[in-house]
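Q: Following this message is one structure expressed as structure tokens.
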Amino acid sequence: MSEQPVLPPWIRRGETIGLFCPAGPVRDPQQLRAGIRRIQDMGFAVKISGPVEPIEGYLAAGDAERAANFHRLWSDDEVRAILAIRGGFGCLRMVEMLDWELVRRHPKWLVGFSDVTVLLQGCLDRANLVAVHGPVAASLARSDEASQAALFALLTGCFDDRIKPQGVEVLRGGQGKGRLLGGNLTTLVHLLATPWDATWEGAILLMEDTNEPLYRLDRMLTQLALAGKLRHLAGLILGEFDTGADALVNLRLQEALWERVLELAGPSFPIWGGFPVGHGQRNLALPLGMEVIMDSSAGILRLLPASVGVAR
């Protein structure tokens, strides 16, 4: 990424947010309806592209159809931001079908997490656009109040550039400054050795995952380390990791994971654990591609809007 990333235009109340399934199908229509109501309650219109009914299988539609739904929303001048309905698996299958020049020419906000990490990284690497790691439509209503507020504040340009969440553990102190990159750990590992693999040198890397046992998390982190990806970071932020089990099991998993990360990571940058991003209720919206500062002494993640351009 040689160019300065660009912020899409802020959206305003009354404008339209597009929704589509880039990967897996809707599993809980009630949660989707609740998410749509939340978007509308915040003052935005909603436009859906593609099927959203529950179906069997792990894809919402064929690869070409999901890509067409993406293009339809991105070409629509009424749509100012696009929110994935859910993750799952499937973004990797269609990423080469997407018209990234279209994305570059018509800058909009893309929001999602989990498997949508593929598309967020594509926006940044191929279209030079800042993208949002944050709740999807199906998780929005069950996200906590802070996560909902952070998403709409970021999309409208009314966000606080100093984030000081509760419960963050400073695993290694210090201060780091770099572009915020990353997302879902499993997805990031699957991008290794592909054209969609990103350069992380000098970056603040964000990682989270869910329903992965410790041995698989260890294996993925070890692969990243052996590939040299954890050596020259400016900072590392670990979000929430869980097994879907009870709180005590998750706590033990988290502590073992933190210990392994400290063994694998390069020696000269700060590392935080328990940052509120992930598959649970806490999933603060963060702008991938914007420079940030990790201030361990104050426990503050500071966003630097001046580090990115503004779309015209």
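Q: Tell me, rounded to the nearest percent, the portion of alpha carbon pairs in segment 15-161 spaced more than 23 Å apart.
A: It works out to 27 percent of all Cα pairs.
Q: Here's a follow-up. Using only Cα atoms, locate the centre of segment 222-249 and the centre of segment 90-134, then give the distance between them in Å, rounded to an integer.
A: Cα centroid to Cα centroid, the span is 23 Å.
Q: Add +1 for every Lys or Arg and -1 for every Asp or Glu among the other residues with Cβ under 13 Å from the Cβ of Met94, and state the total.
A: Result for the local shell: -3.
Q: By count of other Cβ within 10 Å, fewest leading, how are Tyr215, Tyr58 ordered?
A: Ascending number of Cβ neighbours within 10 Å: Tyr215, Tyr58.
Q: Pop a pseudo-label 7 angstrom from the Cα along the beta-carbon direction at both Arg27 and Leu226 and give the gap in nm to one decimal.
A: 3.0 nm
Q: Here is a further query. In whole Å, largest first, what are the principal axis extents of the Cα atoms in segment 162-310?
A: Ordered largest first, segment 162-310 gives principal extents of 42, 36, 28 Å.
Q: Aspartates and glutamates within cross-link reach of Lys229: Cα-Cα under 15 Å, excluding same-chain residues under 8 positions apart?
A: Asp197, Glu201, Asp218, Glu263
Q: If you don't mind, there's one more thing I want to ask. From the residues Gly87, Trp109, Ala60, which one has its Cα farthest along the dipole of the chain in the positive direction, the dipole being from +1 and -1 charges on Cβ of Lys/Arg and Asp/Glu about the Cα centre?
A: Trp109
Q: Ok, one more. Starting from 0.36 nm per residue, how many nanometres of slack lie between Glu169 and Leu304 once their C-alpha separation is accounted for?
A: Here the segment from Glu169 to Leu304 would lengthen by 46.4 nm.
Q: Can you give me the relative contact order of segment 6-156 as a percent, contacts being Cα pairs under 8 Å and 6 or more apart?
A: Here the relative contact order equals 30 percent.
Q: Also, I was wondering about something else. Determine the calculated [θ] at 222 nm for the chain from helices alone, applying -39500 (n - 2.57) to every DSSP H run no shorter than 4 residues and normalising by the residue count; nearest 500 deg cm²/dmol.
A: -9500 deg cm²/dmol
Q: Still on this model: Using the Karplus equation 6.51 cos²θ - 1.76 cosθ + 1.60 (θ = phi - 60°), what ³J(HN,Hα) coupling, rounded to whole Hz, does each residue of segment 24-34 give in order, writing x for Gly and Pro?
A: Values per residue, Gly and Pro as x: x, x, 4, 9, 10, x, 5, 5, 5, 4, 5 Hz.
Q: Relative contact order for the chain: what percent, with Cα pairs under 8 Å and sequence separation of 6 or more?
A: 21 percent
Q: For Glu145, what charge total do you get from the other residues with a beta carbon under 12 Å from its beta carbon, if Lys and Arg give +1 and Asp and Glu give -1?
A: +2
Q: Now a separate question. Taking the Cα centre of the chain as origin, work out the dipole magnitude from +1 charges on Lys and Arg Cβ and -1 charges on Asp and Glu Cβ, in debye rounded to 20.
A: 540 debye
Q: Round to a whole angstrom and tell me the spacing of the C-alpha centers of segment 1-79 and segment 264-312.
A: Measuring centre to centre over Cα atoms gives 25 Å.
Q: So, one more: What's the long-distance tail for segment 193-265, i.e. % of Cα pairs beyond 15 Å?
A: Cα-Cα pairs of segment 193-265 separated by over 15 Å account for 56 percent.
Q: May I ask you to compute the full-extension gain from Arg37 to Ala256, defined as 0.36 nm times their residue separation minus their alpha-carbon distance, rounded to one decimal in nm?
A: Extra length from Arg37 to Ala256 when fully extended: 74.9 nm.
Q: Another one. Which entry in (1) 47, 43, 37; (2) 65, 52, 32; (3) 96, 49, 38 is this structure's computed Cα extents along the principal axes in Å?
A: Identified label for the calculated read-out: (1).
FYI, it's all coordinate maths here, none of it is from the lab. This is a predicted model, so every value here is computed, not measured. Ideal geometry is used to build each Cβ from the backbone, glycine not excepted, and the neighbour counts take in all protein chains shown.
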